[in-house]
Amino acid sequence: MCYAIPGKVLEVEDKAVTVSYFDEKRRARNDLYELIPGDYVYAQGGIVVQKISASEATEILKSWKELFFKLKEKDTRLASNPKDLRQIANSIRHKELGNSCCVHGIIEFSNHCTQRCLYCGLNSGKKAIKRYRMAPDEIIEAAYDNITGLGFKALVLQSGEDDWYDADKLVYIVNGIMKRSPALIILSIGERDENLYKKLYDAGSRGVLLRFETSNESLYSEFKPGRDLKGRISLIEKLRDTGYLVMTGFQVGLPGQTQDDILKDIELTASLGTEMFSFGPFIPHPDTPLAGHNASESLDLAIDTIARARIMKPDAKILVTTALETLDKEEGLKKGLMAGGNSLMINVTPAKLRRFYDIYPGRASIDMEVKDQVDKVLRLLKDIGRAPTDLGL
Ligand code: SAH
């Protein structure tokens with residue numbers, strides 16, 4: 001099974017390659033492989049992450065061909081005659097980016113955290129939670145199973161801010177994954193040292209997922225005691241300048257956040273040279289200081305925010321987060337994808353650990369086997385005419 005369509009290299013110009021699949025042409029960056037025209041590759045987030053043999057690629061392309069054009073037709077139909085904000089956003093997505101949808105996996109490898117974020121169920125003040133850490137080899141093994149076994153081409157490695165994973169351990173993990181099963185590795189490990197991130201770049205990771213949470217400085221300082229917004233933004237900028245693809249964004253519906261704040265959040269996300277917007281509804285956790293907040297409007301607010309972000313930034317990649325699915329288990333993902341979203345994540349954390357990564361309550365898909373989650377996502381994408389591919393810019 002495969003969640004991306006391979007592309008054929010048409011041109012190589014230093015580190016930039018032009019790849020094509022069916023009648024689509026895309027540009028991608030390559031600094032991992034020797035490539036010549038005629039080679040076949042997988043690219044994620046505009047970065048070549050795997051080279052595959054011509055015979056394997058031809059086989060996969062053959063299996064996709066008929067379906068691909070059917071999906072495109074369906075997407076075109078669903079995106080025509082837009083009538084409201086969300087439909088307009090969807091038609092812009094269709095026009096700018098076609099029907100491709102990134103499907104990334106996420107491994108939550110540790111729930112230990114040194115921080116005391118008021119919104120988060122993992123905050124270090126919370127004692128009644130079973131803490132876990134995956135051993136480095138266990139993480140490499142889990143990545144291998146998901147990349148080689150299940151076909152994922154991009155994996156987020158997420159944790160609380162956990163210093164137990166020092167530079168040596170993290171480099172070992174990234175190296176280990178890249179040697180055994182290359183993919184786009186996206187780090188989501190919080191505000192760690194800039195040099196540590198540089199070492200991890202050299203080891204082969206190419207993405208970071210680090211939300212700035214809110215562009216409102218006073219809310220930020222209130223919700224993240226001991227930290228300031230400028231520091232986080234400056235780290236995001238440095239990581240971008242190192243060459244990392246940046247995924248960032250904010251929470252929608254935080255106590256005290258206004259509509260104006262949200263528009264500024266969207267603008268800030270765009271201004272950071274962001275590869276993928278990642279924002280989702282705030283869901284109060286009962287064991288945190290923000291437990292009493294009424295979040296009944298978060299779902300609609302988050303979907304409308306996807307639509308606004310799409311209209312403000314027509315060519316953005318916009319993630320539809322698990323938090324949205326959590327608030328509407330049946331339709332949350334679909335609503336997000338039909339309002340301008342074009343990326344999804346699947347939780348591939350080992351099943352026995354998933355429920356302990358308790359950032360907010362009731363997380364969707366927590367008890368589902370990865371294979372079932374994948375089937376569900378592929379069914380949804382088929383239903384709305386999207387193809388799980390992301391070949392480049
Ligand atoms: N330590 C990493 C990862 C944090 S968890 C970091 O600092 O980046 C990933 C994301 O979960 C956070 O960035 C935050 O936006 C989100 N999150 C935490 N608590 C939440 C809640 N109660 N509702 C919705 N999202 C939440």
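The values are calculated or read from the model by the stated rules, or taken from the named source; none is laboratory data. As the structure is a prediction and not an experimental result, all values here were calculated from the model. Cβ sites come from the backbone with ideal geometry, for glycine too, and all protein chains shown count toward neighbours. Remember, those area values only see protein heavy atoms, side chains included, never the ligands or the DNA or RNA. Shrake-Rupley method; radii C 1.70, N 1.55, O 1.52, S 1.80 Å.
Report summary: the helix-based calculation at 222 nm, which adds -39500 (n - 2.57) for every DSSP H run with n ≥ 4 and divides by the residues of the chain, gives -11500 deg cm²/dmol.
THR326 contributes about 20 Å² of solvent-accessible surface, heavy atoms of the protein only, 1.4 Å probe. Converting phi to 3J(HN,Hα) with the Karplus coefficients 6.51, -1.76 and 1.60 and the offset θ = phi - 60°, the range 109-119 yields 8, 7, 10, 6, 8, 8, 8, 10, 4, 5, 8 Hz in sequence order, with x at every glycine or proline.
Computed from point charges on the beta carbon alone (+1 for Lys and Arg, -1 for Asp and Glu), the dipole magnitude for the range 67-114 about its Cα centre is near 300 Debye.
Of the peptides 140-148, 230-238, the ranking by mean beta-carbon count within 10 Å, highest at the top, reads 140-148, 230-238. Remark on LEU344: its backbone amide H falls under 5 Å from those of CYS102, VAL103, HIS104, VAL320, a criterion applied only to residues 5 or more positions apart or on other chains, H modelled at 1.01 Å from N. The accessible-area ordering, largest first, of the residues SER159, SER271 stands as SER271, SER159, per a 1.4 angstrom probe. In the context of the full protein assembly, LYS198 retains an accessible surface of approximately 80 Å², using a probe radius of 1.4 Å and ignoring ligands and nucleic acids. Taking every DSSP bridge with both residues inside the chain, close to 40 percent are antiparallel.
Of the solvent-accessible surface of the range 85-384, computed with a 1.4 Å probe and all protein chains present, 50% belongs to carbon and sulfur. When TRP64, TRP164 are compared by accessible area of protein heavy atoms, the largest-first order is TRP164, TRP64, using a 1.4 Å probe.
When only the Cβ of Lys, Arg, Asp and Glu is charged (+1, +1, -1, -1), the dipole of the range 85-384 relative to its Cα centre reaches about 420 debye. Farthest towards the positive end of the charge dipole of the chain, among the residues SER181, GLY151, LEU268, is the Cα of GLY151, using unit charges on the Cβ of Lys, Arg, Asp and Glu. Based on the convex hull around the alpha carbon atoms, the range 85-384 presents an average projected area of 13.8 nm². Counting only whole DSSP H helices of the chain, the ones at least 30 Å long by C-alpha along their axis and with mean Kyte-Doolittle hydropathy no lower than -1.0 are 54-78.
In the frame of its principal axes, the range 252-362 has Cα extents of 38, 32, 26 Å, reported largest first. What the Kirkwood sum gives for the range 167-278 is a hydrodynamic radius of 14.7 Å, with every pair of different alpha carbons counted. Sequence-distant contacts, meaning Cα pairs under 8 Å at least 6 residues apart, place the relative contact order of the range 85-384 at 24 percent.
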